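The values are calculated or read from the model by the stated rules, or taken from the named source; none is laboratory data. No experiment lies behind these values; they were computed from the predicted model shown. Cβ sites come from the backbone with ideal geometry, for glycine too, and all protein chains shown count toward neighbours.
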Amino acid sequence: MNVKLRNIYCCILLIPIIGYSQNSFQSNLQMMFQPNINFSSASSYEGTVISVFHRNQWVKFHGSPKVIGANVFKSIRNNSFGLSFFQDKVGVHNDLQISLNYAYSFQLSKTKFLSFSLSPMLNQKRSDYNGLVQINQNDALIANTSNYALLSPNAKFGTYLYSENFYVGISTPN
C-alpha cells in the first residue's frame with residue numbers, strides 16, 4: 001500500500017463522526033491554587049486553608065464569562081477534609097458545582113509522600129433561553145425550549161506525589 005494513501009486512511013480514522021465533551025470552568029494562563037483542580041494536593045498543606053477566586057472576563061459585555069469559587073479544607077495528620085463551591089456563568093448558561101472532598105496521604109520514604117483523593121459532587125446546569133435575542137421569531141429550537149435545568153451527581157479522583165523539591169499529580173475532574 002502506498003505510504004501516502006495509508007497516512008490518509010489513518011487520518012480519516014482519527015476524525016470523530018460524533019463528538020461529546022464536558023465543559024468545566026476555565027483557569028488558564030495563571031497559577032492556580034492546586035486543591036481547586038486536584039484535591040490530593042491538599043495533603044501538602046497544614047492546618048485550615050481557605051481559598052476564594054473570581055474571574056470576570058470581557059468586562060461590560062452582556063453575558064461575559066464569570067467564574068467564582070471557594071474552597072475550605074482542614075488537614076489532620078494524614079487526612080484532609082474539605083468543601084468546594086464553583087459557579088460558572090457564560091451567557092444564558094449557569095453551572096454550579098458543590099463537592100465534598102477527602103484526601104489521604106502516606107509517606108513513601110523519608111522525603112516523599114503520596115496522596116489520593118475522592119470528591120463526590122453535585123452539578124447543577126441551568127440555561128435560560130428567554131434571555132436570547134431571536135433574529136428569526138419562528139426558530140423552532142428556541143421557541144420550544146425556554147428553560148433547561150439538570151441536576152446530576154459526579155465525582156473527582158486524584159493522586160499527588162510530592163516532596164520538598166518536586167510534585168506531580170493527576171486528576172479526573174469529572
For segment 56-90, enumerate the residues that are in contact with a Gly (Cβ under 9 Å, 6 or more places away or on another chain) and over 30 Å from residue 111 (Cβ atoms).
-> 62, 63, 64, 65, 85, 86, 87, 88, 89, 90
Cβ pairs under 7 Å, 6+ apart, first in segment 68-96 and farther than 24 Å from residue 151 by Cα, second not in a strand (DSSP E or B) | 73/35; 73/42; 75/42; 75/43; 75/45; 75/46; 80/42; 80/43
Kindly indicate whether any position in segment 156-166 is loosely packed, with under 14 Cβ neighbours inside 10 Å, modelled with pLDDT of 80 or more and assigned to a strand (DSSP E or B).
-> no
Verdict on residue 110 being under 24 Å from residue 171 (Cα atoms) and not acidic (Asp, Glu) | no
